[in-house]
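Trainee: Got a structure here, written out as structure tokens. Questions coming.
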Amino acid sequence: MSNSLSVPEALASLNEDNSSIAGEQFLRFQLTSDTTALLPLLQLTEVLTIPNGQIVPIAHMPLCVMGVYNWRGDILWMVDLAQLVGLTPWYQQNLNPSVYRTIVLSVPGHETTSSNPKDQTLGLVINRVEDIELCNQELIQSPPSSSVNPKLAPFLQGYWPKANGEILVVLNGDAIMAGVRK
């Protein structure tokens, strides 16, 4: 069984003083020990801690696909997000090998056979969940093409330079979903 934190619970824990700040909410997490990233909170369903052995490997899949997990009675494909975007794979990082930190990405489905398309979900195994950030979309900058890892570029929405000098990678959930389908 996994421990989980649903997104509405995470929202309830936000400091009330932040409610007057204009901006979109993003989940802040570590892809690797030196890469911090953001994904829009609206594209996330849940944060999971999955015990080792609960992800079932599937043969003949890309290296970034770790396998499947039984999530709420549905099959959830599990992907090593760092490996997908060209960074150090999860298994090569110095992490707790007994659990997988996972965020559940959910993007609207585009099924044409149904009048009520189902959202597409994907489990993204990451290094560590950190916090929720409020970011004004206008402050997200396009990355300079010369300094971006070519494998990371298709998944980037941009970079957010914070006032304290920290630079955060802003990922695009739709691009992640499309990248896994290839």
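Throughout, read-outs are computed from the coordinates displayed, never taken from laboratory work. Here the structure is a predicted model, which means the values were calculated and not measured. Neighbour counts run over all protein chains shown; Cβ positions are idealised from the backbone, glycine included.
Trainee: Quick one: which residues, 5 or more positions from Val170 or on another chain, have an amide H under 5 Å from its amide H? H modelled 1.01 Å from N in the peptide plane, none for Pro or chain starts.
Mentor: Leu38, Gln157, Gly158, Tyr159, Trp160
Trainee: Starting at the first residue of the range 79-90, write each ³J(HN,Hα) from the Karplus equation 6.51 cos²θ - 1.76 cosθ + 1.60 with θ = phi - 60°, in whole Hz, x for Gly and Pro.
Mentor: 10, 6, 5, 4, 5, 4, 8, x, 9, 4, x, 3
Trainee: What does the net charge come to around Phe155 if you take all other residues with beta carbon closer than 14 Å to its beta carbon, with K and R at +1 and D and E at -1?
Mentor: Surrounding charge for Phe155 is +1.
Trainee: List the residues whose amide H sits under 5 Å from the amide H of Ile140, counting only those 5 or more places along or on another chain, with H placed 1.01 Å from N in the peptide plane.
Mentor: Correct list: empty.
Trainee: Further, regarding this structure: Would you kindly derive the ³J(HN,Hα) couplings of the range 171-178 from the backbone phi angles with the Karplus curve 6.51 cos²θ - 1.76 cosθ + 1.60 (θ = phi - 60°), listing them in order in whole Hz, with x for Gly and Pro?
Mentor: 8, 10, x, 5, 5, 4, 4, 5
Trainee: Kindly put Lys162, Lys182 in sequence by how many other C-beta atoms sit within 10 Å of each C-beta, fewest to most. Mind dumping the intermediate values first?
Mentor: Numbers: Lys162 11, Lys182 6.
Ordered by Cβ neighbours within 10 Å, fewest first: Lys182, Lys162.
Trainee: Using a 10 Å cut-off around each Cβ, can you sort Asp34, Asp131 from fewest to most neighbouring Cβ atoms?
Mentor: Asp34, Asp131
Trainee: Tell me, what HN-Hα J-couplings in whole Hz come from the Karplus equation 6.51 cos²θ - 1.76 cosθ + 1.60 at θ = phi - 60° for each residue of the range 122-127, using x for Gly and Pro?
Mentor: My calculation for the range 122-127 gives 8, x, 10, 7, 10, 6 Hz in order.
Trainee: For Ile132, which sequence-distant residues (separation of 5 or more, or a different chain) have an amide H within less than 5 Å of its own amide H, given hydrogens modelled in the peptide plane?
Mentor: Long-range HN contacts for Ile132: Arg28.
Trainee: Can you put Tyr69, Tyr159 in order, fewest other beta carbons within 10 Å first?
Mentor: The fewest-first ordering by Cβ neighbours comes to Tyr159, Tyr69.
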